[in-house]
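Below is one structure, written out as structure tokens; comments come after it.
The values are calculated or read from the model by the stated rules, or taken from the named source; none is laboratory data. Here the structure is a predicted model, which means the values were calculated and not measured. FYI the Cβ positions are ideal-geometry reconstructions off the backbone, even for glycines, and counts take in every protein chain you see.
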Amino acid sequence: MGWRHSVLIRRAVLAGVLLIGIAVLLLVAGALRLQALRSGQPPDLALATSVQVLDRNGQLLRAFTVDDGRWRLPLSLDEVDPLYRQMLLGYEDRRFWQHAGVDPRALLRAGWQALRYGRIVSGGSTLSMQVVRLRWELSTGSWQDKWRQLGGALALERVATKEQLLEAYLSLAPFGGNLEGVRAASLAWFGREPRRLTPAQAALLVALPQAPEQRRPDRYPEAARRGRDRVLARAEALGLIDADTAAAARREPIPTQRRAFPMLAPHLARRALRQSPAAGVHRLTLDARIQARLQTLAAEQAARLPDAVSVAILVADHGSGEILASVGSAGLLERERDGFVDMTAALRSPGSTLKPLIYGLAFELGLAHPESLIEDRPRAFGGYVPENFDRGFQGTVTVRAALQQSLNVPAVTLLERVGPARLLARLRRAGAEPRLPEAAAGAGLAIGLGGLGLSLTDLVSLYAAIARGGEPVTLQDGLRRPIGADRTAVGYNPAGRNPVLPPRAAWYLASILSGAERLDQGGGAIALKTGTSYGYRDAWALGFDGKQVIGVWVGRPDGAAVPGLTGTEAAVPILRDAFARLDDRVPLPGPPSAVLMASSTELPLPLRRVSGNASGAPDDQLEIAFPPDGAVVDLGLGLGLSGGAELALKVRNGSPPFQWLANGRPIAHAPHARTVQWSPEGPGFATIAVIDGQGQSSRVSVSLQ
């Protein structure tokens, strides 16, 4: 028995030596292979990340997916909650800062547990190995891929710092669906950046990458809860959180719905992407808080308006020119309202919104004062006969009242004196680009009541200049060029522009407009002007205080009429709420030194009453507008065309009925018309006269040929 026992001992020793030799050979071979892998090419950590559009404070306005449709937002370690980082390392890789990419102790522990329990109890992969697996898209069940993970991790740690590796994991880790990286996950599941997380949120984000599809909170909330609670238990055991904190975190509900990524200023964000497609980050002047509030306001107000009606809002700091909010529509995805159309840039009829500039020019030229008297009576300007919105007339009113009530005849009266060309020039000086109708031969008096095209941005630029005391303001949205810098309109000069109005005239306008309809929202009165385009196609409201200017447009993007749509009813309530949602308000400034404070009777004689025409004739004086006195009119009468040729006779001012006479004989049979046709008997001199219902008369002598 003794020798048999000795033989068995010798055999056992030989077998042990053999096994040790085999293990040593395997370890040497493995080490050599790992060394070969370590000296190989590590995975590239340069990741394609989502293009970001940020606001003035670095807050995310909008992001775009990478080419494969995944959300992978860039971030740095200091943008992630410290507790989340501690939980992650405590649960996934406790010796992350010490090992060289592979943790032998973790591998031995994982192998021993697998042999003991017959299943995988814990993984031996370090975060460095997981980065390699994710970057090379390796499988988890292949020994060959596992060797590649080991070698790749060793090679990666040779060229990258621990901070770079941790950032790579935080950007690559899967969180379910097309979510990659902790920042995308935090925004999708919690609606917040990962800079500040609750313990429960941090634990869930640690648990999800272990089984991103099996633990998706929106599909498997209970599995997500179990995974989160295991992380909380580990964090409590490691002393990262106390028992009370862990208990409170377990009671926190699991998010069961994925949130949409921020979609603020979508039109402006898309424009930024088109202008600089290669840029990874676009920084705008917008304020995300104001932008979000006003996008919500636009959607809420549009829901109360008729179908297909949209809303646009533009807010700017008129001191700096920076745009703080740009709402192009009531909702980007609102198909019925053509939400994809950016109505801050669309050309529309401005209605009465240009009247303040007309009055401001009259103040500048010394033609009027806010307390000057002006006539609001029926009047023809050549062939143009404006009417007020309510088709009534106020008679003699002050200029202040005429602008506050947005009366049409006084505005056109002043525009005739100021000149349409001057009005267009000052619009361009303000940074706007007015567009005349294609069929228009030139700028006529109708432009003062909306007979041209302007955008909401143009009007905000104009009112910003008025708010700034007449100084032009170059609007900035943060894109590569100032707004308007790519325009080619004649006379447009974005840099070094002359004043739009003198400070005195601009203050007069602010004083008048702030008294029209007081919108006191805790920051003093707002200077306000409304506008409604012909046919109820566009409703406008423009307003400013001592700091900000807001423009509101309401209408159908396709240009169709909306019966009853007016600036007062549709746009002013939105403007009022928009000012209420601003962070701060500044009162309107006081008057400059050159302001004349006087009543109508105290004004200098030339300013007491506004003359209605360039010659200085009284407003109500009857006048033959055509043909002019002394004119030679070729009607072809010398060619034997008598009896068929007609001459148009036009009267200006006066009151109907009108009686026309030619050489003392009554002609025409349309006593209430201001334009009639007369057929002369033959060539020669003719005296044409007209008498109105008040007994006034006017006559001209012409030569007919």
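At-a-glance table
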item	result
Tally of residues being closer than 29 Å to LEU138 by Cβ and outside any strand (DSSP E or B) across region 39-67	15
Spans of helices (runs of 4 or more DSSP H) in region 88-174 with at least 2 residues at pLDDT below 85 and of a type outside the set (Val, Ile, Thr)	104-117, 143-159
Residue count for region 679-705, restricted to those that are farther than 20 Å from ASN653 by Cα, in contact with an Asp or Glu (Cβ under 8 Å, 6 or more places away or on another chain) and assigned to a strand (DSSP E or B)	1
ALA188 being within 30 Å of LEU54 (Cβ to Cβ) and among the hydrophobic types (A, V, I, L, M, F, W, C)	yes
Qualifying position, being of a type in the set (Asp, Glu) and under 24 Å from LEU454 (Cβ atoms), among GLU371, GLU416	GLU416
Subset of region 574-593 that is in contact (Cβ under 8 Å) with a residue 60 or more places away in the chain and surrounded by 16 or more Cβ atoms within 10 Å (Cβ to Cβ) - its residue that is farthest from VAL552 (Cα to Cα)	LEU588
Any hit, region 270-283, residues being in a loop (DSSP other than H, G, I, E, B) and crowded, with 18+ Cβ neighbours inside 10 Å	no
Single unsatisfied condition, LEU635 versus (1) at pLDDT below 80; (2) farther than 29 Å from VAL409 by Cβ; (3) part of a loop (DSSP other than H, G, I, E, B)	(1)
Pair list, Cβ under 6 Å, 6 or more apart: region 212-226 residue assigned by TED's automatic domain parsing to the domain that holds ALA173 and in a helix (DSSP H, G or I), other residue surrounded by fewer than 19 Cβ atoms within 10 Å (Cβ to Cβ) and not β-branched (Val, Ile, Thr)	ALA223/GLN214
Candidate set from region 49-106 (those that are farther than 25 Å from GLN201 by Cβ and of a type in the set (Gly, Ala, Ser)); member that is surrounded by the fewest Cβ atoms within 10 Å (Cβ to Cβ)	GLY69
Count of region 207-233 residues which are surrounded by 18 or more Cβ atoms within 10 Å (Cβ to Cβ) and of a type in the set (Lys, Arg)	4
Residues of region 447-475 that turn out to be hydrophobic (A, V, I, L, M, F, W, C) and either farther than 18 Å from ALA539 by Cα or not assigned by TED's automatic domain parsing to the domain that holds TRP507 (or both), as a count	6
Only one of ARG377, ARG400 that is of a type outside the set (Asp, Glu), within 22 Å of MET597 (Cα to Cα) and touching a Phe, Trp or Tyr at 6+ places or on another chain (Cβ under 9 Å)	ARG400
Top-ranked residue in region 442-490 [being among the polar types (S, T, N, Q) and modelled with pLDDT of 90 or more; ranked as farthest from SER511 (Cα to Cα)]	GLN476
Members of region 175-197 found to be touching a helix residue (DSSP H, G or I) at 6+ places or on another chain (Cβ under 8 Å), assigned to a helix (DSSP H, G or I) and among the aliphatic types (A, V, I, L, M), listed by number	VAL182, ALA185
Subset of region 418-449 (residues that are in contact with a Lys or Arg (Cβ under 9 Å, 6 or more places away or on another chain) and not hydrophobic (A, V, I, L, M, F, W, C))	ARG428, ARG429, GLY431, GLU433, PRO434, GLY448
Options LEU238, LEU197: the member that is surrounded by 19 or more Cβ atoms within 10 Å (Cβ to Cβ) and more than 30 Å from ILE313 (Cα to Cα)	LEU197
PRO266 vs. criteria closer than 22 Å to ASP577 by Cβ, touching a residue at least 60 places away in the same chain (Cβ under 8 Å) and surrounded by fewer than 15 Cβ atoms within 10 Å (Cβ to Cβ)	no
Filtered residues of region 335-350 (kept if surrounded by 17 or more Cβ atoms within 10 Å (Cβ to Cβ) and either without any contact (Cβ under 8 Å) to a residue 40 or more places away in the chain or in the same structural domain as ILE466 (by TED's automatic domain parsing) (or both))	GLY339
Selection status of THR687, farther than 21 Å from LEU637 by Cα and at pLDDT 85 or above	no
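To keep it simple, each residue is scored yes or no on (1) under 28 Å from ASN498 (Cα atoms); (2) under 35 Å from the mean Cα position of the chain (by Cα); (3) assigned by TED's automatic domain parsing to the domain that holds TYR359; (4) aliphatic (A, V, I, L, M).
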{"residue": "PHE381", "(1), (2), (3), (4)": "no, no, yes, no"}
{"residue": "ARG391", "(1), (2), (3), (4)": "no, no, yes, no"}
{"residue": "LEU407", "(1), (2), (3), (4)": "no, yes, yes, yes"}
{"residue": "GLY419", "(1), (2), (3), (4)": "yes, yes, yes, no"}
{"residue": "LEU424", "(1), (2), (3), (4)": "yes, yes, yes, yes"}
{"residue": "GLU433", "(1), (2), (3), (4)": "yes, yes, yes, no"}
{"residue": "GLY442", "(1), (2), (3), (4)": "yes, yes, yes, no"}
